[in-house]
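The values are calculated or read from the model by the stated rules, or taken from the named source; none is laboratory data. Bear in mind the structure is a predicted one, so any value in this text is a computation, not a measurement. Cβ sites come from the backbone with ideal geometry, for glycine too, and all protein chains shown count toward neighbours. Accessible surface is based on the protein model in full, side chains and every heavy atom, while ligands, DNA and RNA are left aside. Shrake-Rupley method; radii C 1.70, N 1.55, O 1.52, S 1.80 Å.
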Amino acid sequence: MSTNGALAGRTAVITGGGRGIGPAVATALAEAGAAVLVAARSEDQIAAVAAKLRDEGLQAWSLHCDVADPDSVEALAQGANERLGKVDILVNNAGIASGAPLHRQSLQEWNRIMAVNATGTFLCTKAFAPAMAQRGWGRVVNIASLAARTGARYISAYAASKHAQLGFTRCIAAEMADRGVTVNAVCPGYVDTDMTTHTIEQIMAKTGLSEQEALGSILATTPQRRLIEVEEVAHVTLMLCSEAARGINGQAIGIDGGEFLG
Ligand code: NAP
């Protein structure tokens, strides 16, 4: 797929844009011609991502945002509209994960995960999508997870938050279907980012396995025996933002090597 200029004149906000999947998505959209704004809590990280893109001659800005905080999301919407003029594309990528068996799953941690992954997606979509619908064109891509479609041991809070994100995706897709806005979810398996590194560290701490063994235990659950690369997630996100994808709405696109076949 040639993406050169495919998003010329478009504008995009990518949450969780400071590390991992977010910068790869921002790069793909900016290389396709969009002006992008990356948002997250670590200002040094988002500033560095935007600066790198600008060094490459692309249009990029950064703004602090905690997606779990309604005031912060409101400030993001205001700041993004000031810098970009309008926002055509929203990528709800900000997310957190942790694992625990049910009897050790604290309410505090449950609420923390739901607040970022589920409520953050709601707040950001509410802040940007109605204006897209008013203008008659928009794309919302929610970076969900394989855990939005399946369950597994020790990830009840994370999986519940991602199921919520996917259910929300389908509902807003239905609401926006006749307004020129599509809303889809991308559902990767384990991606090679800090989030997976942290999972490996948790397995090592809890089981005494070496790093190689802990990684091996993760890879053993994946059909292709590998981690997904951030660029693979960025590629699908870019595809969903294209004009040619205007008929794809309310879908959950798996990037998991065939792990979920439902
Ligand atoms: P990551 O490397 O840990 O990066 C997460 C990004 O989200 C960071 O930029 C982080 O920045 C930001 N973030 C976290 N909490 C935030 C908040 N409250 N407000 C704003 N930004 C926040 O994670 P990743 O692997 O790239 O994951 C990105 C998305 O993909 C997540 O939604 C995750 O659930 C999903 N996903 C990941 C995997 C995987 O295996 N890695 C698999 C499937 C789906 P700050 O901490 O500075 O705010």
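Worth pointing out:
- Listed by position, the helices (runs of 4 or more DSSP H) contained in segment 34-145 that have at least 3 residues being touching a strand residue (DSSP E or B) at 6+ places or on another chain (Cβ under 8 Å) are 43-55, 70-84, 120-135.
- In segment 146-159, the residue that is farthest from the ligand (Cβ to nearest atom) out of those that are open to solvent by 20 Å² or more (accessible area, probe 1.4 Å) and part of a helix (DSSP H, G or I) is S156.
- Residue within segment 160-176 that is among the charged types (D, E, K, R), more than 13 Å from A252 (Cα to Cα) and in a helix (DSSP H, G or I) present: yes
- Looking only at segment 50-71, residues that are near the ligand (Cβ under 9 Å from one of its atoms) and over 20 Å from D88 (Cα atoms) come to 3 in all.
- Selection status of A127, among the aliphatic types (A, V, I, L, M) and more than 9 Å from the ligand (Cβ to nearest atom): yes
- Exclusive hit being crowded, with 23+ Cβ neighbours inside 10 Å, of a type outside the set (F, W, Y) and assigned by TED's automatic domain parsing to the domain that holds A144, set L58, L90, L84, L107: L90
- Of all residue pairs spaced 6 or more apart or on separate chains, those with beta-carbon atoms under 9 Å, a first member in segment 222-234 that is aliphatic (A, V, I, L, M) and a second member that is more than 7 Å from the ligand (Cβ to nearest atom) and open to solvent by 60 Å² or more (accessible area, probe 1.4 Å) are L227/D192; I228/D192; V230/D192.
- Segment 177-204, residues that are in a helix (DSSP H, G or I) and of a type outside the set (S, T, Y): A177, D178, R179, D194, M195, H198, I200, E201, Q202, I203, M204
- Which listed residue is under 28 Å from G9 (Cα atoms) and either near the ligand (Cβ under 10 Å from one of its atoms) or touching a Lys or Arg at 6+ places or on another chain (Cβ under 8 Å) (or both), from G262, G250, G189, G257: G250
- Residue in segment 182-195 that is surrounded by 19 or more Cβ atoms within 10 Å (Cβ to Cβ), closer than 22 Å to I96 by Cβ and polar (S, T, N, Q) present: yes
- If the condition is being under 13 Å from R139 (Cβ atoms), away from the ligand (no atom under 13 Å from the Cβ) and either open to solvent by 30 Å² or more (accessible area, probe 1.4 Å) or outside any helix (DSSP H, G or I) (or both), then segment 8-32 contributes R10, T11, A12, A32.
- Selection from segment 192-210 of residues that are within 16 Å of the ligand (Cβ to nearest atom) and of a type in the set (D, E, K, R): D192, D194, E201
- Condition check for G136: farther than 16 Å from V13 by Cβ, away from the ligand (no atom under 14 Å from the Cβ), at pLDDT 95 or above and touching a helix residue (DSSP H, G or I) at 6+ places or on another chain (Cβ under 7 Å): yes
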